[in-house]
Every structure is written in C-alpha cells, then in structure tokens.
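To start, the structure under review is shown below, and the notes come after it.
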C-alpha cells in the first residue's frame, strides 16, 4: 500500500534510509526536525510503501512552486524488483502534477549505480549540460 508520509513514520523511514546503500544522509536535514519541516512544506508529495505492517519504501519529494525535486528514495532491499520504487515515484510525480508542477529533477550520487539504473529505467535522463554547485550554510550539517 502506498500512502502519504507522516512524521510518525520518521523512525521507520530513517531506519530504511540508514540501511540503504548510496543514501547521503545529513545530520540536520534528515533529522526528525528537518524532515518534519520538509513535510510541513510538502504535505502531499512524500510517500511510504507499507508491506506486512512495515515500511517497505519511501520517497521524499517537494517543490518550490516552479520545479519538483526528488530527494531520498529507498525500497527495502529484499523487496526490490516488485514495482514499489516505480509506484512511489509515480505517486510523487502525480502529486507534483496535481499541484501544477511541470518539471522534476533529482540527484543521484555518482557511485550509486543502482540508483542511476533505477531512474534511467523509469525514463529519466541525465543532464550532461549541468553542473551541480553546493554551498553549505550550516557547517554542523554533516
């Protein structure tokens, strides 16, 4: 079952993220407070997949009013290949479209081949014409 993520899901989702290879978790951004702030700003675009009463997958997605962005997407390793990732991605994209968002982007770490393969299999394309820049505004966010 796919449903909207709630802050009450945080600990189980964080446990999933922590056990997922290729995730880049940040101490402040991905803390319970950081995710709660994100969910308040994006109450309809983040989802979890439940199977047998457990969190089997999660996707964090939001927008700035112009473009959508997908951040953490994970499916429990033992349940991969069953379409949960695709269902989560489609739920997030449909939620963005319902809010009038016409384009979505995401970031995958260069060494995360599994993540890159998943998104490519879903029809996403890489943008070799872009270079990502980052400026840490909080040095404690490790």
Check your understanding: Residues in segment 122-131: is at least one in a helix (DSSP H, G or I), loosely packed, with under 12 Cβ neighbours inside 10 Å and over 16 Å from the mean Cα position of the chain (by Cα)?
Key -> no
**Study point:** Candidates 101, 93, 60, filtered to the one that is touching a helix residue (DSSP H, G or I) at 6+ places or on another chain (Cβ under 8 Å) and either in a loop (DSSP other than H, G, I, E, B) or at pLDDT 95 or above (or both)
**Key:** 60
Practice item. Would you be able to tell me the number of residues in segment 31-42 that are closer than 18 Å to residue 89 by Cα and either in contact with a helix residue (DSSP H, G or I) (Cβ under 8 Å, 6 or more places away or on another chain) or free of Cβ contacts under 8 Å to residues at least 24 places away in the same chain (or both)? Key: 2
**Study point:** First in segment 2-28 and on the phi > 0 side of the Ramachandran plot and in contact (Cβ under 8 Å) with a residue 12 or more places away in the chain, second anywhere and part of a helix (DSSP H, G or I) and surrounded by 18 or more Cβ atoms within 10 Å (Cβ to Cβ), Cβ under 9 Å, 6 or more apart
**Key:** 22/115
Check your understanding: Residue check, residue 45 against (1) within 23 Å of residue 105 (Cβ to Cβ); (2) out of contact with any helix residue (DSSP H, G or I) (no Cβ under 6 Å at 6 or more places or on another chain), all met but one. Which one?
Key -> (2)
Exercise for review: Scan segment 105-123 and report the pairs whose first residue is farther than 19 Å from residue 67 by Cα and whose second residue is in a loop (DSSP other than H, G, I, E, B), with Cβ atoms within less than 7 Å and a gap of 6+ or a chain change.
Suggested key: 109/22; 109/24; 112/22; 114/22; 115/22; 115/108; 116/108
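The values are calculated or read from the model by the stated rules, or taken from the named source; none is laboratory data. These numbers come from a predicted model, not from an experiment. Ideal geometry is used to build each Cβ from the backbone, glycine not excepted, and the neighbour counts take in all protein chains shown.
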